[in-house]
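Take a look at the structure below.
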Amino acid sequence: MKRLYILLITLILLSCGNGKSVLLPEIENATITEIHDVSHAYLFYDETQTDSIELNRKNLISTTNWLINVDKRLTLEQAIPKIKFLQDKKRNAKMHKNEDAKNYFTCHDTAINNLGFLEFTDVVYTLDNTKAPLKNNTTPFNESDYKPDGNFYRGLDITQNITLYFESTETVYGISTILKTNQIKSYLEALLKPGIANKLEISLIFNKNLDFQDYINFKSILSKLKSDIVTINNNEFIY
């Protein structure tokens, strides 16, 4: 099985069957590393094509688990419409439908030098330019401010629903807060301190200019934070 996956990486990275290449986004310590009964689609980065993207879906079989191989250089503005198209094709299939079949993004797991996968079966993407973050009156994240008796929260009603705006590779906006990517976990933990919130439901909004590697990075971080008290809304917006 290990040799099979190494072969798959070689095929995806070097040939994709047509002499074209897909540079897979990288991930570290993926939760999912093995999937059976699959078929593939490819989103190539190709500057000769309209919007620099080419979709190859001729090998997809509707009743299988779909592995969507997206070139990490593509932006969300380029990739998401094609991904939505594929989702709609599968969801709207009237014949040969398998309700148990799921959709995954294929990644290169650097921790094991093999394939890793992120599921996106139930994610609903919406492109909406009105969803940009309000950047006025935001302050840098400081964990010491997030205390039940701290001045920052005195008299402030903190709801359980929060929105994270992913502005750039290193910049994320929260509730009146700007934070770095490596502060996401600390920020959510701060919101869950006693007296602040008991549970969190997180909505995700992404800048359309982020590349697909950035998107996978953020999704990987969040997938490892999900728990009984932290849930991720399946509706994702691109602005």
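The values are calculated or read from the model by the stated rules, or taken from the named source; none is laboratory data. As the structure is a prediction and not an experimental result, all values here were calculated from the model. Methodologically, a virtual Cβ is constructed for each residue, glycine included, from the backbone with ideal geometry; neighbour enumeration extends over all protein chains shown. Just so you know, the surface numbers come from the protein's heavy atoms only, side chains and all, with ligands and any DNA or RNA stripped out. Shrake-Rupley method; radii C 1.70, N 1.55, O 1.52, S 1.80 Å.
Sub-7 Å Cβ pairs linking a first residue in segment 212-239 that is free of Cβ contacts under 8 Å to residues at least 60 places away in the same chain and among the charged types (D, E, K, R) to a second residue that is surrounded by 16 or more Cβ atoms within 10 Å (Cβ to Cβ) and assigned to a strand (DSSP E or B), at least 6 apart or interchain, are 226/232, ordered by first then second residue.
The residue of segment 62-94 that is least open to solvent (accessible area, probe 1.4 Å), among those that are more than 15 Å from residue 120 (Cβ to Cβ) and free of Cβ contacts under 8 Å to residues at least 24 places away in the same chain, is 92. Each residue in segment 91-130 was checked for being more than 27 Å from residue 62 (Cβ to Cβ) and modelled with pLDDT under 90, and 0 of them qualify. Within segment 29-57, the set of residues being closer than 19 Å to residue 87 by Cβ, open to solvent by 90 Å² or more (accessible area, probe 1.4 Å) and at pLDDT 95 or above comprises 37, 57. Could you check segment 206-239 and list, in sequence order, the residues that are closer than 17 Å to residue 77 by Cα and of a type in the set (A, V, I, L, M, F, W, C)? Within segment 206-239, 206, 210, 212, 216, 218, 237, 238 meet the criteria. Of all positions in segment 120-143, at least one carries a residue that is surrounded by fewer than 16 Cβ atoms within 10 Å (Cβ to Cβ) and touching a Lys or Arg at 6+ places or on another chain (Cβ under 6 Å). Please list, ordered by residue number, the strands (runs of 3 or more DSSP E) wholly in segment 21-79 having 1 or more residues that are of a type in the set (Ser, Thr, Tyr). It comes to 38-45.
Please indicate, with yes or no, whether at least one residue in segment 63-76 is over 21 Å from the mean Cα position of the chain (by Cα) and of a type in the set (Val, Ile, Thr). Taking every residue of segment 63-76 in turn, at least one turns out to be over 21 Å from the mean Cα position of the chain (by Cα) and of a type in the set (Val, Ile, Thr). The test for being in contact with a strand residue (DSSP E or B) (Cβ under 9 Å, 6 or more places away or on another chain), at pLDDT 95 or above and either under 20 Å from residue 136 (Cα atoms) or open to solvent by 40 Å² or more (accessible area, probe 1.4 Å) (or both) does not hold for residue 231.
Select from segment 163-182 the residues that are open to solvent by 50 Å² or more (accessible area, probe 1.4 Å) and part of a helix (DSSP H, G or I) and list them in ascending order. Matches in segment 163-182: 182 only. The residues in segment 201-219 that are farther than 13 Å from residue 164 by Cα, open to solvent by 10 Å² or more (accessible area, probe 1.4 Å) and in a helix (DSSP H, G or I) can be counted, and the count is 3.
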